[in-house]
Amino acid sequence: MSTRRVHLLGVTAHPTGNWAIEQARDLLMAMDDRIDQVKFLIRDRDAKFTDAFDAVLASHAIQVLLTPIRAPRANAYIERWIGGYRRELLDRTLIVNERHLRTVLAAYETHFNTHRPHHALHQAAPLRPLPDPDSPDGKVIRRDLLGGVIHEYNQVA
């Protein structure tokens, strides 16, 4: 189920080729024991993704696939994530600085990977299978995230 897990690495106002290489290294370190499960990385053709960026990933047998030119649907999974992030959070939140953006991104990443229902996973989350159905009269509690912009619901006995 965790094949579509989102990994957020860095935030910068001025990305460069060297910054992208560092993010690739950070990804490899963050995934440590799970890196052998990664076979592909899909990326666009931005100039900041240099041959050195691809070489960092190739050193761990990760094949880099380039999306076709002007084809946003070629990488539909990340396009869907970005669209959801914008609609569910950025349209309702004023980001004041880079630190605030990192905090908001981290909270949404956790929400997306552990709680947000995914249609392709039969309403489960990538890192959390659906619980067994409880009685229909169970109590539902709501937990607010990011000041109430995102709501998570859980059934309790």
Item to check | region 2-156: antiparallel DSSP beta bridges as a percent of all, rounded to 5 | outcome: 70
Checklist entry - When the Karplus curve 6.51 cos²θ - 1.76 cosθ + 1.60 is applied with θ = phi - 60°, which whole-Hz ³J(HN,Hα) does each residue of region 95-101 get, with x for Gly and Pro? => result 7, 9, 6, 5, 5, 4, 4
Next on the checklist: What whole-number volume per residue, in cubic angstrom, does the convex hull of the C-alpha atoms of region 2-156 give?
Outcome noted: 141
Checklist entry - On full extension of the chain, what length is gained from Leu101 through Arg86, given 0.36 nm per residue of separation minus the C-alpha to C-alpha distance? => result 4.2 nm
Checklist outcome for this item: To the nearest 0.05, the calculated FRET efficiency linking Thr114 and Leu66 through their beta-carbon distance, R0 being 30 Å, is 0.45
Checklist entry - Considering only the other residues whose Cβ falls under 13 Å of the Cβ of Arg87, what net charge follows from Lys and Arg at +1 and Asp and Glu at -1? => result +1
Checklist entry - Under 5 Å between amide H atoms, partner at least 5 residues away or on a different chain: which partners does Ile150 have, H built in plane at 1.01 Å? => result Leu145
Checklist entry - Counting other Cβ atoms within 10 Å, which trypsin sites (Lys or Arg not before Pro) in region 6-44 have at most 14 and lie in a DSSP loop? => result Lys39
Checklist entry - How large is ³J(HN,Hα) for each residue in region 8-13, as worked out from phi by the Karplus curve 6.51 cos²θ - 1.76 cosθ + 1.60 (θ = phi - 60°), to whole Hz, x for Gly and Pro? => result 9, 10, x, 9, 8, 7
Checklist outcome for this item: A correct Karplus calculation of ³J(HN,Hα) over region 68-84, with 6.51 cos²θ - 1.76 cosθ + 1.60, θ = phi - 60°, whole Hz and x for Gly and Pro, returns x, 5, 6, 9, x, 6, 5, 10, 4, 5, 6, 4, 5, 5, 4, x, x
Item to check | For Val64, residues with placed amide H under 5 Å, excluding near neighbours | outcome: Leu41
Next on the checklist: Cut-off is 10 Å between beta-carbons; in what order do Glu152, Glu109 appear when sorted fewest neighbours first?
Outcome noted: Glu152, Glu109
Item to check | Neighbourhood charge, 12 Å Cβ-Cβ cut-off, centred on Pro117 and excluding it, Lys, Arg +1 and Asp, Glu -1 | outcome: +1
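All of the numbers you see were taken from the coordinates with simple rules; none came from a lab. This is a predicted model, so every value here is computed, not measured. Counting neighbours? That spans all protein chains shown, and the Cβs are built from the backbone with ideal geometry, glycine included.
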